[in-house]
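The values are calculated or read from the model by the stated rules, or taken from the named source; none is laboratory data. Quick caveat, the model's predicted, so the values are computed rather than measured. Cβ placement follows ideal geometry from the backbone for every residue including glycine, while neighbour counts extend to all protein chains displayed.
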Amino acid sequence: DVPGRGKVVVDISYGGTFYAFLSAEQLGLDVCSSKTRDLVSAASAVTEAVKEQFKLHHPESEDLAFIYGTILTDGKDAFSEEPTTNICVFADEQVDRSPTGSGVTARIALQYHKGLIQLNQSRTFRSSTTGSLFTGKAVK
Ligand SMILES: O=C(O)[C@H]1NCC[C@@H]1O
């Protein structure tokens, strides 16, 4: 429940730090064309809601059991050769200029967990802010 914005469905995944993931569409936004300030505001509201409503646990270190940010996506999690776009809003409302190393790692883990990608199947991730690209895959 994101105050002022309604109920959304998020996935929380870990790639060195925890992020909340959801499509920007759930917040009435478009990750590619909405104003960055609107994306930042919405993503920050989600981070705050997760902080208040979920207790995170890390199996090895409770120091890592916190939500670092929210990544808004274009919702294109099913496998495709085409890049999928996201914006990472982390820490104190900072916006990553890259697709985010730890965020892409968490997103690949999530896609693999959901059976959307197979092991060694590469996907490309695009930053909506700069257009920079990262490629990654799940490996054993
Ligand atoms: O790419 C990364 O993983 C780092 N950049 C912003 C968020 C993380 O600190």
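Okay, here's what the table says:
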item: Selected residue [buried (at least 21 other Cβ atoms within 10 Å of the Cβ), of a type in the set (A, V, I, L, M) and more than 22 Å from residue 8 (Cα to Cα)] from 71, 108, 87, 117; result: 117
item: Where a residue in region 111-130 is in contact (Cβ under 8 Å) with a residue 12 or more places away in the chain and its partner, wherever it lies, is surrounded by fewer than 16 Cβ atoms within 10 Å (Cβ to Cβ) and in a strand (DSSP E or B), with Cβ under 9 Å and at least six apart; result: 122/135; 123/135; 124/133; 124/135; 125/133; 125/135; 126/133; 127/133
item: Of the criteria (1) part of a helix (DSSP H, G or I); (2) of a type outside the set (A, V, I, L, M, F, W, C); (3) under 14 Å from the mean Cα position of the chain (by Cα), which one residue 112 fails; result: (3)
item: Residue in region 39-50 that is touching a residue at least 40 places away in the same chain (Cβ under 8 Å) and within 20 Å of residue 112 (Cβ to Cβ) present; result: no
item: The lone exception for residue 46 - which of (1) farther than 22 Å from residue 2 by Cβ; (2) surrounded by 17 or more Cβ atoms within 10 Å (Cβ to Cβ) it fails; result: (1)
item: Residue tally, condition assigned to a helix (DSSP H, G or I), within 16 Å of residue 96 (Cβ to Cβ) and of a type in the set (Val, Ile, Thr), over region 8-53; result: 4
item: From the options 85, 73, residue that is touching a Lys or Arg at 6+ places or on another chain (Cβ under 7 Å) and of a type outside the set (A, V, I, L, M, F, W, C); result: 85
item: Selected residue (only one of 37, 5 is at pLDDT below 95 and either under 13 Å from residue 54 (Cβ atoms) or more than 16 Å from the ligand (Cβ to nearest atom) (or both)); result: 5
item: Number of positions in region 65-120 that are more than 9 Å from the ligand (Cβ to nearest atom) and over 21 Å from residue 45 (Cα atoms); result: 22
